[in-house]
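Only one structure is covered here, and it is reproduced in the block below.
The values are calculated or read from the model by the stated rules, or taken from the named source; none is laboratory data. Here the structure is a predicted model, which is why all the values come from computation and not from measurement. Note that each Cβ is placed from the backbone with ideal geometry, even for glycine, and that neighbours are counted across all protein chains shown.
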Amino acid sequence: MRPTKADLEAARDRVIPDVLPPDGGTLRVLFSGINPGLYSGATGHHFARPGNRFWPALYRSGFTDRLLDPSEQDLLPSYGLGITNLAHRTTARADELTDTELREGGRRLTALVERYRPAYLAVAGVTAYRTAFGRPRTQIGPQDDMFGPARVWVLPNPSGLNASWPLARIAAEFTRLREAADALRTP
């Protein structure tokens, strides 16, 4: 059932729990969004707004064997995947976040990577990444930086508002990341 306008407004500032494997579980890629939108806050599921291309890109890239619904997010650890956000606060738009919130989120994300030790940290949103980690020239794709044991990949924001990145182009970038993550498993 789709959230009503009142449901969406009531979701402001809610927090959606991270989707992570149990301690000691394998985590190939930890995906980090910028922050949950109101639709996600109302449903309790990451990347839940209709028109968000995260779930279709995940499937088209081969990370999952079928298109998962956001309500199936708890299946991600079985694929070696997880989801978190730079900022936990639910907003209507990412530009409602302050630079301070993004930098604090970057520190929290670094600690999360140290604890769960993913092979890759994939941040979906280049502008937020630049702010959170003080890297103003970052471009989409693999980064030279390492966060503890994790390689870093910056992905385009899969929001439907990001018109310069159609689904096919987003899925192609997700595919590059999946191929890199797969190569780490190959002896």
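Looking at the stretch 91-100, can you tell me whether even one residue there is in contact with a helix residue (DSSP H, G or I) (Cβ under 9 Å, 6 or more places away or on another chain), modelled with pLDDT of 95 or more, part of a helix (DSSP H, G or I) and closer than 17 Å to Asn157 by Cα? No, the stretch 91-100 contains no residue that is in contact with a helix residue (DSSP H, G or I) (Cβ under 9 Å, 6 or more places away or on another chain), modelled with pLDDT of 95 or more, part of a helix (DSSP H, G or I) and closer than 17 Å to Asn157 by Cα.
Specify which of the listed residues (Leu76, Leu68, Leu30) is more than 24 Å from Met1 (Cβ to Cβ) and either surrounded by 14 or more Cβ atoms within 10 Å (Cβ to Cβ) or touching a Leu at 6+ places or on another chain (Cβ under 6 Å) (or both). So that I can check it myself, show each step before the final result.
Working: Leu76 fails: more than 24 Å from Met1 (Cβ to Cβ); Leu68 fails: more than 24 Å from Met1 (Cβ to Cβ).
Only one candidate passes the filter, namely Leu30.
Which of the following residues is of a type in the set (Phe, Trp, Tyr), in contact (Cβ under 8 Å) with a residue 24 or more places away in the chain and not in a strand (DSSP E or B): Phe31, Phe47? Don't jump to the end; show me each part of the working.
Numbers: Phe31 fails: not in a strand (DSSP E or B).
Criteria check complete, one pass: Phe47.
Among the residues of the stretch 50-65, write down those that are assigned to a loop (DSSP other than H, G, I, E, B) and under 15 Å from Phe174 (Cα atoms). Across the stretch 50-65, the qualifying residues are Asn52, Arg53, Ser61, Gly62, Phe63, Thr64, Asp65.
Does Arg178 satisfy the criteria of being at pLDDT below 95 and among the basic types (Lys, Arg)? Steps first, answer last, please.
On the way: at pLDDT below 95: no; among the basic types (Lys, Arg): yes.
So Arg178 fails the test.
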